[in-house]
1. How many residues are surrounded by 21 or more Cβ atoms within 10 Å (Cβ to Cβ), modelled with pLDDT of 70 or more and within 18 Å of the chain's Cα centre (by Cα) when one looks only at the stretch 137-169?
2. Return only the number of the condition from (1) modelled with pLDDT under 90; (2) surrounded by fewer than 14 Cβ atoms within 10 Å (Cβ to Cβ) that Gly79 does not satisfy.
Amino acid sequence: MTSTSLLVTLSPVLLAIAIGVLRRDLIRSMLWAGLLAIPVLLTSPLSFHYLDYPIGFMRLISLFAFGAIAAAGYETIFGKYFKIKGRSRRPLIWMLAGPVIFLVGTIITGQTVGPLIFTLLFELLIVLTRRRDLIWDVLFSGGAMALLHTLLLIVLVRLLGSPLGDTWLVGSIFSGLNVWGIPVEEVVVVALFGALWGPMYPAFKDLKLVS
């Protein structure tokens with residue numbers, strides 16, 4: 001991997017750091033979302049041997065950064081702040097069913113992207129059912145993360161010539177469709193991830209977004 005490719009790969013990390021500096025009040029939610037993002041987006045298991053390589057460590061850091069950005073992007077751009085809402089979080093316990101759905105789907109189908117898409121949709125439906133006030137966070141976060149990821153892949157693959165095999169989900173491609181040479185599964189998964197991760201912290205912590 002060239003120094004230019006490395007810089008592009010780590011650009012989400014730099015963006016996450018910049019957001020944390022600008023909005024220190026969001027650091028807790030960024031850490032929370034970043035840690036949860038790693039097992040969700042890491043759809044192919046990593047071995048300890050793999051983690052010995054720099055690319056393995058960079059991948060983990062990038063995944064963490066994507067989760068942090070998704071959780072704080074909307075609040076940062078539109079100047080939103082958290083306020084205690086005071087509603088019960090019990091209905092959101094259903095979100096814990098997501099990992100079970102993903103695991104069962106993976107065992108049945110033998111692949112990961114399809115079950116991951118279904119799981120993200122299931123979790124997103126729960127959030128929207130309980131917190132319709134977060135719809136703009138959902139729409140913005142989903143679109144923004146899909147755009148960011150697509151632009152990064154275009155730069156890496158189309159302009160810098162990095163192998164497409166370095167992308168997160170290419171090993172599980174099943175549709176054969178692409179957007180500017182980028183597998184459509186990449187775009188769909190990251191869009192759904194952003195749409196869910198954007199409002200997840202205020203939804204799960206029972207917080208309201210205010211200006």
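The values are calculated or read from the model by the stated rules, or taken from the named source; none is laboratory data. None of the values given here were measured: they were computed from a predicted structure. As a convention, Cβ positions derive from the backbone with ideal geometry for all residues, glycine included, and neighbour counts pool all protein chains shown.
1. Looking only at that region, the number is 8.
2. (1)
For (1) at pLDDT below 90; (2) among the aliphatic types (A, V, I, L, M); (3) exposed (fewer than 15 other Cβ atoms within 10 Å of the Cβ); (4) within 13 Å of Tyr201 (Cβ to Cβ), each residue gets a yes or a no:
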{"residue": "Ser5", "(1), (2), (3), (4)": "yes, no, no, no"}
{"residue": "Val8", "(1), (2), (3), (4)": "yes, yes, no, no"}
{"residue": "Met30", "(1), (2), (3), (4)": "no, yes, no, yes"}
{"residue": "Val40", "(1), (2), (3), (4)": "yes, yes, no, no"}
{"residue": "Met58", "(1), (2), (3), (4)": "yes, yes, no, no"}
{"residue": "Tyr74", "(1), (2), (3), (4)": "no, no, no, yes"}
{"residue": "Lys85", "(1), (2), (3), (4)": "yes, no, no, yes"}
{"residue": "Ser88", "(1), (2), (3), (4)": "yes, no, yes, no"}
